[in-house]
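Nothing in this text is a laboratory measurement; each read-out follows from the coordinates by a stated rule. The structure presented is a predicted model; accordingly, all values stated were derived computationally and were not measured. With ideal geometry, Cβ positions are generated from the backbone for all residues, glycine too; neighbour counts draw on all protein chains shown.
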Amino acid sequence: MGYRTPLYDYHLSLGAKIVDFGGWDMPLHYGSQIDEHHRVRQHAGVFDVSHMGIVDVSGAGARAFLRHLLANDVDRLKEPGKALYSALLNPQGGVIDDLIVYLLEDGSYRLVVNAGNREKDLAWMAARAEDFATTNLEVTIALRADLGILAVQGPEAIALCRQVVPEAAVAIEGLKPFSGTAVGERFIARTGYTGEDGLELMVPNDQLPALWDALLAAGVSPIGLGARDTLRLEAGMNLYGNDMDENTSPLEANLGWTIAWEPVERDFIGRQALEQQRAEGVPTKLVGLVMTERGVLRSHQMVTSDGAANSGEITSGTFSPTLGHAIALARVPVAFGATAQVEIRGKTVPVKLVKPSFVRRGQAVVQPLD
């Protein structure tokens, strides 16, 4: 038996298929994964993502500590509530985890990390904070196990959340993308992992059941992690452990935009390795694949290209319910051109290389590589 969120019994009562995800017993779907996918793209769905780790970093040294810890720069957060996406790196430039960090009203910071990496991340942060203590600047790292997260996503998500949480209606209406605000004990952020508009509601665990019930009563559909994966892949969003890991740098994972190179004197962990890799050039690139022939692209399938000495590999693949054909993310040699082949059950099938984003806000955004 794995860890369980406060809504575990609610998922069972809705007929959810439960699977292990990063050590947690989580709902894969409630009947039809494809129907759930379309529900989010066309209306609104709610995901129980309380398995994610919420970590608050505070103290006089919090800002300086995070500027050293993260590849992105928290100095970019000029106003409380603002958020940024970043990678947590090892000294070799590999990705320990990807996360979102928010600046809170009191000057502290809130990080949301991946469930499967929570213990690893906390241990890494604690060890780095201990090193940082030599500067005599206090840093406190606190896992907020008292909070859970409901992600409400889809074109109707904002309107329905304003209806369900009327005391936060004005605050929700004023939220800009990639920002959050505290409303009493709740923290509401306009962020997500689906390529749709929506909110992530961080609330005390004892408030989760009532909020879940209210959302479902308002017409928001319960959505499992299966649809969450197809939605994020259509949006071209990386999945830790598939599309990046501790042996992959942000430059190799299409995440170069998350590295704050300026100011040059900011010495973040992994910077030296990334500087060298940027100067020498990366050997591989993360691209999108489109296959319109019958079949499904899957992780670990080999990708080859005429004229290229080395092969690549699919990191994430699926059938796209929105587009009606197979899509994938793949790490391939930089020499690859616009076309390639994938081996599926002993058969070579042609694929097109595209920019690693397929669907946003319900619309196809497939574009050829530059």
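Worth a mention:
- Three-way shape label, the range 190-299, alpha-carbon gyration tensor, a/c 1.5: oblate
- When the inverse distances between all different Cα atoms of the range 292-370 are averaged and flipped, the Kirkwood radius reads 12.9 angstrom.
- A simple spin-label model places pseudo-atoms 7 Å from Cα toward Cβ; at residue 247 and residue 32 they are separated by 4.1 nm.
- Relative contact order, percent, the range 37-141 [alpha-carbon distance under 8 Å, six or more residues apart]: 32 percent
- Membrane-span-like helices of the chain, defined as complete DSSP H segments with a Cα extent of 27 Å or more along the helix axis and a mean Kyte hydropathy of at least 1.0, are absent.
- Placing a label point 7 Å from the Cα of residue 20 along the Cα-to-Cβ line, the residues of the range 92-121 whose backbone N sits under 17 Å from it are 115-119.
- Per-residue Cβ neighbour rank within 10 angstrom, fewest leading, 35, 48, 121, 56: 35, 56, 121, 48
- Computed FRET value (nearest 0.05) for residue 140 with residue 338, which takes r as the C-beta separation and R₀ as 45 Å: 0.35
- The label point for residue 265 and the one for residue 167, both projected 7 Å from the Cα toward the Cβ, are 4.6 nm apart.
- Residue-averaged [θ]222 nm for the chain, counting only DSSP H segments that reach four residues, each worth -39500 (n - 2.57): -6500 deg cm²/dmol
- Excluding same-chain neighbours fewer than eight residues apart, the aspartates and glutamates reachable from residue 355 by a Cα-Cα span under 15 Å are 234, 243, 252, 370.
- With 0.36 nm allotted per residue and the present C-alpha distance subtracted, the residue 75-residue 276 stretch has 69.9 nm of extension available.
- Cα gyration tensor shape for the range 93-251, rounded if a/c is under 1.5, else prolate or oblate: oblate
- Taking Lys and Arg as +1 and Asp and Glu as -1, the other residues whose beta-carbon sits under 13 Å from that of residue 28 total -3.
- Label-to-label distance for residue 210 and residue 294 is 5.4 nm, based on points extended 7 Å past Cα in the beta-carbon direction.
- Summing +1 for each Lys or Arg and -1 for each Asp or Glu among the other residues whose beta-carbon sits under 14 angstrom from that of residue 58 gives -1.
- Loop-resident sites, the range 1-110, for trypsin sites (Lys or Arg not before Pro), counting at most 12 other Cβ within 10 Å (DSSP): 78
- Taking the chain and dividing mean pair separation by its residue count, relative contact order in percent (alpha carbons under 8 Å, at least six apart): 18 percent
- Measuring against 18 Å, Cα to Cα, the residue pairs 17/120; 285/352; 78/120 contain 17/120; 78/120 as the ones spanning a longer distance.
- Centre separation in Å (Cα based) which lies between the range 22-98 and the range 201-241: 13 Å
- The range 310-351 - convex hull of the alpha-carbon atoms, volume per residue in Å³: 88 Å³
- Quotient of Cα Rg and 2.2 N^0.38 Å for the range 219-358, N being how many residues it contains: 1.15
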